[in-house]
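One structure coming up, written as structure tokens, with questions to follow.
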Amino acid sequence: MVLAFIEHVAGAPTMLSLEVLTMANRLAGEMGTQLEAIAIGPNAAAATGILSSYGVSTLHVADDGRLADYAPAAWAHAIAELVREVDPDVVIGTASDRGGEVMAHVATRMKLPMAANCTEIAPGDPFTVIRQRWGGSLLEEAHLKGTIKLLTLAPHALTAAASPSRTEVTTHAFSPALDDKDFRVRLQPQVEVDTGKISLAQARVVVGGGRGVGSAEGFAALEELAGLLGGAVGCSRAVTSLGWRPHSDQVGQTGTRIAPDLYIACGISGAIQHMVGCRAAKHILAINTDAGAPIVAQADYAVIGDVQKVLAAVNAEVRRVKAGEPSRSPA
Amino acid sequence: MNVLVCVKRVPATAGQITLTADAQDIDTRYLGFTISPHEECAVEEAVRMIEAHGGSTTVLTLGPEAATDQLRDAMALGIERAILLQSDGREWDPVATASAIVEAIEAEGAAGRSYDLVLFGNESADSAGYQVGVRVADALDLPCATGIKAIELSDGRATVRRQTESGWESAELALPAVVTVKEGLNLPRYPSLPGRLKAKKKEVERITPQWRDGGLEKVRLKLPVQAEHTVEILGKNGDAGAQLVEVFQRLRLL
Ligand SMILES: Cc1cc2nc3c(=O)[nH]c(=O)nc-3n(C[C@H](O)[C@H](O)[C@H](O)COP(=O)(O)OP(=O)(O)OC[C@H]3O[C@@H](n4cnc5c(N)ncnc54)[C@H](O)[C@@H]3O)c2cc1C
């Protein structure tokens, strides 16, 4: 049996969990076994409606009011207890912050290895996975041992797809024997003041700046373009290390993953750790003095030149068009 | 306040990755090495904690002899003591790495050196197992928070915050505890010259742990397939304004 650990909001599985279900359903098919799921937290049982389109036969729901809050060790305790009871062949969760953390706790409780951020799974003996290193700029083929295979699925390794046929989902509520100690760490959401700023992760346009912007002040031209296009400003790690921009602006492996329609990369060389952060961008426009910079080869459009000069001309042109004046025809 | 920071030596890859002929490793012949970025912040945080609250700091790494460079980098920023868990150059999977670190922390405890806080990076930049900190915490029966971008200490407790898609969430941990952190926790300082000179002279304590099969076995590395791709050059310097506006309009951004 394949067991999928599902994250949800009031019974609606998250996008990454739908991806996990899609992979788990495929895997269960290949292994000739069934797919079951576990969900924790308020209204978990409401997930059955959606799970029926992903081949799930049983939804296990941990029944304990104390699990309403996110307490990683307690959630893992519940899952480990279920795993001992139902003895699955594979347990698969998302590689979200929560998914990864809970699965790691499950792994120590079960004394099992775990493979994080898998993109492909080939069941059998040896049980082989492809997993991401370096935020996805490098892949590793690995053998995962252990009597039960524990793994997390990398985000967007596949597209979530409901199956045309529906299954009958049985709900199985169980009460894990939780320990007070499991609740030593509880994460409480903090109410955020809405600043009205467009978030980097959600922006349709991101104007990113690198070392080539020259200074903190040099970002004014990027701010202006982002404002004109209704987008957000991002930056490279070189820029955060220099203290020109806060880390919350950083795009990349150790920063934010962005997925805009257009990413405008200004004075950014295109290091692999930066590129993994923007590979979901539909289009990339590079502005760089060096036509040989790696970012240029990976971009859809490029302007070769000095960031400030290029942006001054572009911003003037956009302002003109926004004011209803005709764009100047290309020289 | 005694803080232990666990760091990893990783190659400073930049524009592209080249693999060795046997596809077992990244070809590092032309690369420098660095402390994984999350752990650079862990080092900085430990130094700040001791500056604010007093106490001692130790940095630990599992790695080859050359990883003493990264231990000295951490000492150059103000960490006092360094421990190298000397590996044989083989890759240690998360289970093997965590066991070696647990044994080292237990040996420290037996020698009268106990830690109030053990800091890790949330995941290493290279192999990215996303579990060593959690495994160490569970083995030592310590509370654990992961992916943390803010830590405040008071009265034997740590208040930690982590970012979510929609904002932040926070937790309170009684010390001793394990916290795994992410870049953005702070802006690490640059080492001073006197700091570097002092670190150079400091002793690194060495332990040789026993390698074990942790159950996640690397078979080979491979580079992701890159889609064929062409770039359209729209112009130079100031002459590209109109073409760019056209692109913005085509993408319906204007
Ligand atoms: C483990 C690890 C994790 C990392 N994580 C991240 C991450 O999350 N995000 C990230 O961004 N980086 C990350 N890095 C760093 C990364 O390797 C690069 O060092 C960094 O992205 C380089 O930033 P940059 O492109 O701004 O600077 P540089 O590489 O210095 O490039 C500057 C570019 O600007 C161009 N330029 C210079 N002057 C001008 C001008 N006047 N006009 C136009 N162009 C100009 C140059 O031609 C060059 O292409 C990580 C590194 C490691 C080792």
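The values are calculated or read from the model by the stated rules, or taken from the named source; none is laboratory data. Because the structure is a prediction, the values reported are computed rather than measured. Positions of Cβ are backbone-derived with ideal geometry, glycine not excepted, and every protein chain shown enters the neighbour counts.
If residue B:76 passes every condition in (1) more than 14 Å from chain A (Cβ to nearest Cβ); (2) closer than 16 Å to residue B:181 by Cβ but one, which one does it miss?
(2)
Would you pick out the residues in the stretch A:70-129 that are outside any helix (DSSP H, G or I) and polar (S, T, N, Q)?
Going through the stretch A:70-129, the residues outside any helix (DSSP H, G or I) turn out to be A:70-71, A:87-96, A:111-129.
Those that are outside any helix (DSSP H, G or I) and polar (S, T, N, Q): A:94, A:96, A:117, A:119, A:128.
While we're on this one: So which residues in the stretch A:299-327 are farther than 18 Å from residue A:225 by Cα and either modelled with pLDDT under 95 or not assigned by TED's automatic domain parsing to the domain that holds residue A:264 (or both), if there are any at all?
Listed by number, the list holds a single entry, A:326.
Now a separate question. Please go through the stretch B:39-92 and pick out each residue that is under 18 Å from the mean Cα position of the chain (by Cα), of a type in the set (Lys, Arg) and farther than 18 Å from residue B:107 by Cβ.
Residues satisfying the conditions are B:48, B:72.
Residue check: is residue B:109 modelled with pLDDT of 95 or more and either touching a helix residue (DSSP H, G or I) at 6+ places or on another chain (Cβ under 7 Å) or within 16 Å of the ligand (Cβ to nearest atom) (or both)? Break it down into steps so the answer makes sense when it comes.
Values: modelled with pLDDT of 95 or more: yes; either touching a helix residue (DSSP H, G or I) at 6+ places or on another chain (Cβ under 7 Å) or within 16 Å of the ligand (Cβ to nearest atom) (or both): no.
In short, no.
Can you tell me which residue is nearest to the other protein chains (Cβ to nearest Cβ) among those in the stretch B:115-125 that are outside any strand (DSSP E or B) and in contact with a Pro (Cβ under 7 Å, 6 or more places away or on another chain)?
Per the criteria, the residue is B:125.
Continuing with this model, one more query. Restricting the stretch A:206-221 to residues that are within 14 Å of another protein chain (Cβ to nearest Cβ) and more than 9 Å from the ligand (Cβ to nearest atom), which is surrounded by the fewest Cβ atoms within 10 Å (Cβ to Cβ)? Break it down into steps so the answer makes sense when it comes.
Taking the stretch A:206-221 as the starting set, the residues that turn out to be within 14 Å of another protein chain (Cβ to nearest Cβ) are A:206-207, A:210-212, A:216, A:221.
Filter once more, so that each one left must be more than 9 Å from the ligand (Cβ to nearest atom): A:206-207, A:216, A:221.
Working: A:206: 31, A:207: 29, A:216: 13, A:221: 21.
Here the residue is A:216.
Name the single residue that is surrounded by the fewest Cβ atoms within 10 Å (Cβ to Cβ) among those in the stretch B:126-159 being out of contact with any strand residue (DSSP E or B) (no Cβ under 7 Å at 6 or more places or on another chain) and more than 9 Å from every other protein chain (Cβ to nearest Cβ).
B:155
Working carefully through the options B:14, B:42, B:67, find the one that is within 14 Å of another protein chain (Cβ to nearest Cβ), within 16 Å of the ligand (Cβ to nearest atom), surrounded by 15 or more Cβ atoms within 10 Å (Cβ to Cβ) and without any contact (Cβ under 8 Å) to a residue 60 or more places away in the chain. Even if it seems obvious, please write down each step before you answer.
Values: B:42 fails: without any contact (Cβ under 8 Å) to a residue 60 or more places away in the chain; B:67 fails: within 14 Å of another protein chain (Cβ to nearest Cβ).
Sole residue among the options that is within 14 Å of another protein chain (Cβ to nearest Cβ), within 16 Å of the ligand (Cβ to nearest atom), surrounded by 15 or more Cβ atoms within 10 Å (Cβ to Cβ) and without any contact (Cβ under 8 Å) to a residue 60 or more places away in the chain: B:14.
Can you pull out the residues in the stretch A:263-289 that are assigned to a loop (DSSP other than H, G, I, E, B) and either in contact (Cβ under 8 Å) with a residue 40 or more places away in the chain or within 12 Å of the ligand (Cβ to nearest atom) (or both)?
Going through the stretch A:263-289, the residues assigned to a loop (DSSP other than H, G, I, E, B) turn out to be A:267-271, A:279-282, A:289.
If the condition is that a residue be assigned to a loop (DSSP other than H, G, I, E, B) and either in contact (Cβ under 8 Å) with a residue 40 or more places away in the chain or within 12 Å of the ligand (Cβ to nearest atom) (or both), then A:267, A:268, A:269, A:270, A:271, A:279, A:280, A:281, A:289 are the ones that fit.
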